[in-house]
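Here's the structure, in structure tokens; my notes come after.
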Amino acid sequence: MADSYLKAVNSGVTKTLAKKLGLPRPAVLRRWAPGQPLTTGPVLVVGGRPGVEDDADRVAAALLGWDLDVRQVPAGSTPDPALRWGAIVAVMTEAQKPTDLSETVLAIGANLRNLAGNGRVVTISRATVAGDAPALSATRNGVDGFLRSLAKELRGGATGNGIQLTEAAQVGDPSVLAALHFFLSSKSAFVDGQLLEVGDGPSWDATDFDWTRPLAGRVAVVTGAARGIGADVARTLARDGAHVVVVDVPAAGDSLARVANEVGGTALQLDVTAPDAGARILEHARARHGGLHVLVHNAGILRDKLLANMKPEKWDAVIAVNLDAQLRINEYLLGANGFSENPHIVSLASTSGIAGNRGQTNYGFSKAGVIGHTRATAPLIAAVGGTANAVAPGFIETDMTASIPAIARQVARRASSLQQGGQPIDVAEAIAFLASPGSTGVNGQVLRVCGQNLVGQ
Ligand code: NAD
């Protein structure tokens, strides 16, 4: 699904014209390719206190370990105008009161003009917890509004995201570093203005870990994988080393078989609303691949109607596929002890389930329901060393969104900080991150992949 406007404003005479007319000019986003450096230039770490070994030094040391060119500059210094930062990482974990952060945020500001196209700003702070003193709670929550506003000021494909550590987590924890790695990389191209809470989570061995194949030896099931986002999820999980089972309705059997062949996996023709769907998924994964580690609930449908015109069959179909099927399959797999060690469930929600959308009461209910069951499943699956998270895409270029009327589609594309729709691969990369051992400290969270859609939060 090509965005012809995006192409036009980035090439030839139409680029010059768009510039002259002051039209929105969405940037071409940098996406992951094999062998690509993690960032496009040196990384500036701000927030450290001179002469004291602190969290900023620990973050800088971790970044050096990834062979990045890392700089920490004295507060108030002016950057060399020729310098282009690949990323600015702001460490804010030790702030106790709002004024403690002034120097750090102003240091980010002083360097923003030097941020490269497709650059990254990542804040690392602490999440508020019950019992925080008012000044501490204000400081920690302030980062939320700061980051979301800053992300809206970035241009040229640059993004701003934040990591919020829970009480037990430390900046050097593998899960915190994995989240930082994801936000710095081009794998998070369409994730913008988001804050992800990271806890210490169940431990996993990061020594000798192969970051290029984080899912090696894992078995992943992806529903609705015959096309669109699901097909790209299957490709991405296979790229990361997983054995993949692709699931879709029998009517999509041919395309499903093509995806299965492409990823070297197996196909299971199954309507996820079938009462025995959970049992059939488990049976297939065990018989063909010896276990089940990752489950991606991606199958979903739209049946848009204003509520005043809603027919029971439209309401019921959306709830059955998008929500009830996920609930039933999870209940079966958790009840039957069906998951292998360190399982990860990732469910597709939607920004419509967060902000609401006219004509989508059924879809909005189902997607908000997904967020609800994800939060409730998190502690249940943590008990067996696993995680349950949701990914909420905004406008993604697929067959599903191609069915939206042309003008509404153009409006939806421009209504984000990145002024364009995302690609299925953007959602797939976020899912692959949440399915990997590196994300064990992320549980019960909703990660939006929406280019900071201006609707809702
Ligand atoms: P799509 O329509 O292109 O693909 C969905 C797939 O799910 C199809 O292959 C379909 O056959 C399959 N499916 C439908 N009902 C099924 C059932 N009962 N059993 C098994 N498979 C079934 O959709 P997409 O755009 O790739 O969306 C994938 C997911 O992402 C959905 O859950 C959707 O709600 C969500 N999402 C998409 C967007 C977007 O902008 N495209 C935005 C937010 C959320």
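Go through Gly385, Tyr332, Ile319 and say which Cα lies farthest out towards the positive end of the charge dipole of the range 303-444; charges sit on Cβ, +1 for Lys and Arg, -1 for Asp and Glu.
My answer, from the dipole projection, is Ile319.
If the chain between Lys15 and Trp211 were fully stretched, how many nm would it gain, using 0.36 nm times the residue separation less the Cα-Cα distance? It would help to have the intermediate numbers written out before the result.
Numbers: separation 196, 0.36 × 196 = 70.56 nm, distance 3.83 nm.
The Lys15-Trp211 span can extend by a further 66.7 nm.
Out of residues 5 or more away from Leu268 or on other chains, whose amide H comes under 5 Å of its own, with H placed 1.01 Å from N in the peptide plane?
For Leu268, the qualifying residues are Val246, Val247, Asp248.
Please give, to one decimal in nm, the separation of the simple spin-label points placed at Thr78 and Glu331, each 7 Å out from Cα toward the Cβ.
Simple spin-label model gives 6.6 nm for this pair.
Tally up the carbon and sulfur contribution to the accessible surface of the range 1-104 as a whole percent, 1.4 Å probe, everything protein left in place. Can you show the working numbers first?
Numbers: 3410 of 5930 Å².
It is 58 percent, rounded to a whole number.
For Asn141 and Arg288 in one chain, what is 0.36 nm times their gap in residues minus the Cα-Cα distance, to one decimal in nm? Can you show the working numbers first?
Numbers: separation 147, 0.36 × 147 = 52.92 nm, distance 4.75 nm.
Gain on stretching Asn141 to Arg288: 48.2 nm.
Would you please give the residues with an amide H less than 5 Å from that of His344, counting only those at least 5 places away or on a separate chain, with H modeled from the backbone geometry?
Residues meeting the amide H criterion: Val294, Leu295, Thr387.
Restricting the count to DSSP beta bridges whose residues both fall in the chain, what percent are antiparallel, rounded to a multiple of 5? Display every interim value, and only then the final one.
Details: 1 of 52 bridges.
DSSP beta bridges in the chain are roughly 0 percent antiparallel.
Show me the chymotrypsin sites (Phe, Trp or Tyr not before Pro) within the range 282-358 that DSSP assigns to loop and that have at most 16 other Cβ atoms within 10 Å of their Cβ.
Numbers: sites: Trp315, Tyr332, Phe339; in loops: Phe339.
Of the chymotrypsin sites (Phe, Trp or Tyr not before Pro), not one in the loops of the range 282-358 has a Cβ with at most 16 other Cβ atoms within 10 Å.
Remind me, what semi-axes does the range 253-299 give for its equivalent ellipsoid, largest first in whole Å, using sqrt of 5 times each Cα gyration tensor eigenvalue? It would help to have the intermediate numbers written out before the result.
Details: eigenvalues 59, 42, 19 Å².
The three semi-axes for the range 253-299 are 17, 14, 10 Å.
Please give the net charge around Leu195, taking every other residue with its beta carbon less than 15 angstrom from that of Leu195, where Lys and Arg add +1 and Asp and Glu add -1.
Local net charge: +3.
What is the magnitude of the charge dipole of the range 256-322 about its Cα centre, with +1 placed on the Cβ of each Lys and Arg, -1 on the Cβ of each Asp and Glu, and no other charges, expressed in debye to the nearest 20?
In debye, rounded to 20, the range 256-322 gives about 80.
Hey, can you grab everything whose amide H is under 5 Å from the amide H of Ala90? Only 5+ residues off in sequence or another chain; H modelled, so Pro and N-termini drop out.
Those qualifying (amide H under 5 Å, at least 5 residues apart or on another chain) are Val46, Val122, Thr123, Ile124.
Using all Cα-Cα distances in the range 1-92, what percent lands in each 5 angstrom bin from 0 up to the longest?
Reading the bins upward from 0: 3, 11, 16, 14, 12, 13, 10, 11, 7, 3, 1.
What relative contact order, as a whole-number percentage, does the chain give when Cα pairs under 8 Å and 6 or more residues apart are counted?
Values: 970 pairs, mean separation 65.8, N = 457.
Relative contact order of the chain: 14 percent.
Taking the Cα centre as origin and putting +1 on Lys and Arg beta-carbons and -1 on Asp and Glu beta-carbons, what dipole magnitude results for the chain, to the nearest 20 debye? Provide the component values of the computation, followed by the final result.
Working: 41 positive and 40 negative charges, 382 e Å.
It works out to roughly 1840 debye.
Take the alpha carbon gyration tensor of the range 137-233, find the square roots of its eigenvalues, order them as a ≥ b ≥ c, and report rounded if a/c is under 1.5; if not, report prolate when a/b exceeds b/c, else oblate. Please report the intermediate quantities before stating the final value.
Working: a/c = 2.11, a/b = 1.24, b/c = 1.69.
Note, shape of the range 137-233 comes out oblate.
Can you list the HN-Hα couplings for the range 31-47, worked out from phi with the Karplus curve (6.51, -1.76, 1.60; θ = phi - 60°), rounded to whole Hz and with x for Gly and Pro?
Once θ is set to phi - 60°, the couplings for the range 31-47 become 10, 5, 9, x, x, 5, x, 4, 10, 7, x, x, 10, 9, 9, 10, x Hz.
Based solely on C-alpha atoms, express the radius of gyration and the Dmax of the range 49-152 in angstrom.
Values for the range 49-152 (Cα only, Rg and Dmax): 14.3, 46 Å.
Which listed residue (Ala62, Ser11, Asn309) has the Cα farthest towards the positive end of the charge dipole for the chain, taking +1 on Lys and Arg C-beta and -1 on Asp and Glu C-beta about the Cα centre?
Result: Ser11.
Once you sort the root eigenvalues of the Cα gyration tensor of the range 13-60 as a ≥ b ≥ c, which label holds: rounded (a/c under 1.5), prolate (a/b larger than b/c) or oblate (the other case)? Each step should come with its number before you reach the end.
Values: a/c = 5.39, a/b = 2.17, b/c = 2.49.
The shape class here is oblate.
Compute the distance from the alpha-carbon center of the range 120-165 to that of the range 335-394, in whole Å.
Here the two parts' Cα centres lie 24 Å apart.
Considering only protein heavy atoms and a probe of 1.4 Å, how much of the accessible area of the range 324-419 is carbon and sulfur, as a whole percent? It would help to have the intermediate numbers written out before the result.
On the way: 2140 of 3700 Å².
Reported share for carbon and sulfur atoms: 58 percent.
Residue farthest toward the positive end of the dipole of the chain, with Cβ of Lys/Arg at +1 and Asp/Glu at -1: which of Thr139, Gln164, Gly109?
Projecting each Cα onto the dipole axis, the largest value belongs to Gly109.
Once phi is turned into θ = phi - 60°, what whole-Hz ³J(HN,Hα) does the Karplus curve with 6.51, -1.76 and 1.60 give for every residue of the range 291-305, x standing for Gly and Pro?
Result, rounded to whole Hz: x, 8, 10, 10, 10, 10, 7, 10, 3, x, 9, 10, 9, 5, 6.
The range 267-294 to the range 169-188: how many Å between their Cα centroids?
32 Å
List the trypsin sites (Lys or Arg not before Pro) in the range 176-263 that DSSP assigns to loop (not H, G, I, E or B) and whose Cβ has at most 12 other Cβ atoms within 10 Å. Which are they?
none
Under the classification rounded if a/c is under 1.5, otherwise prolate if a/b is larger than b/c and oblate if not, where does the range 110-177 fall, given a ≥ b ≥ c as square roots of the Cα gyration tensor eigenvalues?
Working: a/c = 3.18, a/b = 1.65, b/c = 1.92.
Oblate.
Under a Cβ-only charge scheme (Lys and Arg +1, Asp and Glu -1), can you give me the dipole magnitude of the range 83-177 about the Cα centre, in debye to the nearest 20? Working shown, then result.
Values: 9 positive and 8 negative charges, 98 e Å.
So the magnitude is around 480 debye.
For the chain, compute Rh as the Kirkwood radius over C-alpha pairs and then the Stokes-Einstein diffusion coefficient at 20 °C and 1.002 mPa s; write the answer in µm²/s, rounded to an integer.
Values: Rh = 22.7 Å.
The Stokes-Einstein estimate is 94 µm²/s.
The values are calculated or read from the model by the stated rules, or taken from the named source; none is laboratory data. Note that the coordinates shown come from a computational prediction; the quantities given were computed from them, not determined experimentally. Quick reminder, even Gly has a Cβ in these numbers, built from the backbone with ideal geometry, and neighbours come from all protein chains shown. Calculation scope for accessible area: heavy atoms of the full protein, side chains included, ligands and nucleic acids excluded. Shrake-Rupley method; radii C 1.70, N 1.55, O 1.52, S 1.80 Å.
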